[in-house]
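Beneath this line is the structure, given in structure tokens, with notes to follow.
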Amino acid sequence: MARTALVTGGTRGIGAAISIALGEAGYEVAANYHGNEEAARNFREATGIPVFRFDVADFGSCRDGVAAVEAELGPVDILVNNAGITRDAAFHKMSPEQWRAVISTNLDSLFNVTRQVIEGMRQRGFGRIINISSVNGQKGQFGQSNYSAAKAGVLGFTKALALENAKKGITVNAVAPGYIATEMVMAVPEKVLEEVILPQIPVGRLGEPEEVARCVVFLASEQAGFITGATLTANGGQYMI
């Protein structure tokens, strides 16, 4: 019987590529979404992957949403915490609403969703949790104190949860993408892309969503059982530790 994977923010951009790649790897996939009903419907029709609407920033919504996933597809063995938003502004101009929205969706969501599945994973003695961070959580970014703080928090959460669950057959890892050719990045003015962003990337190009997805598929596999608490950086060499 195929293992079940849940991908939050799984119907657009990197999340959609992850959902598709996991499906092609043989998993039963559930793709979560919240705001964009049309995009979710188009994704479901194009891929056949079932979609589930719930708000990752709300604990009760996650409880009900994960229950619906498990009722339809079975217990979640692979969780990809991918959902994220941006509300960019220089910190001295940032509103409490801009701060809170990003922290709630990009960081609080890890607790809200992972808490629904961790006990089941521990009882079954198997689990794969892959958290999508960002190069900007590693190095910071002008105008993204909220986003960078949240994505840095993802890395700390990953390491602590990995330590707590290593003996239960559960691995917890992060993937930190750099600039990826998603709808959000491609909306950046061409001049900014060519003169500011690309010169920062040693390989000289944007990444593709499928390249991030392949990282996730590997970390979700049985073969990755000795890797936990790690951060896999897929950024074209933009930031090296």
Of (1) surrounded by fewer than 18 Cβ atoms within 10 Å (Cβ to Cβ); (2) touching a residue at least 24 places away in the same chain (Cβ under 8 Å); (3) of a type in the set (G, A, S); (4) within 17 Å of L232 (Cα to Cα), A166 fails just (4)
Hits in the stretch 189-208 (condition: under 15 Å from Q238 (Cβ atoms) and among the aliphatic types (A, V, I, L, M))
L193, V196, I197, L198, I201, V203, L206
Of the conditions (1) farther than 20 Å from V212 by Cα; (2) crowded, with 19+ Cβ neighbours inside 10 Å; (3) under 17 Å from the mean Cα position of the chain (by Cα); (4) not hydroxyl-bearing (S, T, Y), the single one that A101 does not satisfy is (2)
Please determine whether any residue of the stretch 200-207 is touching a strand residue (DSSP E or B) at 6+ places or on another chain (Cβ under 8 Å), β-branched (V, I, T) and either crowded, with 16+ Cβ neighbours inside 10 Å or part of a strand (DSSP E or B) (or both).
no
Picking from A101, A83, A149, the residue that is at pLDDT 95 or above, outside any helix (DSSP H, G or I) and among the aliphatic types (A, V, I, L, M) would be A83
Looking for something in contact with a Pro (Cβ under 6 Å, 6 or more places away or on another chain) and either closer than 17 Å to I132 by Cβ or not charged (D, E, K, R) (or both) - is there at least one such residue anywhere in the stretch 42-51?
no
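The values are calculated or read from the model by the stated rules, or taken from the named source; none is laboratory data. Since the structure is predicted, the reported quantities are computational estimates derived from the model, not experimental observations. Cβ coordinates were reconstructed from backbone atoms using ideal geometry, including for glycine residues, and neighbour counts include every protein chain displayed.
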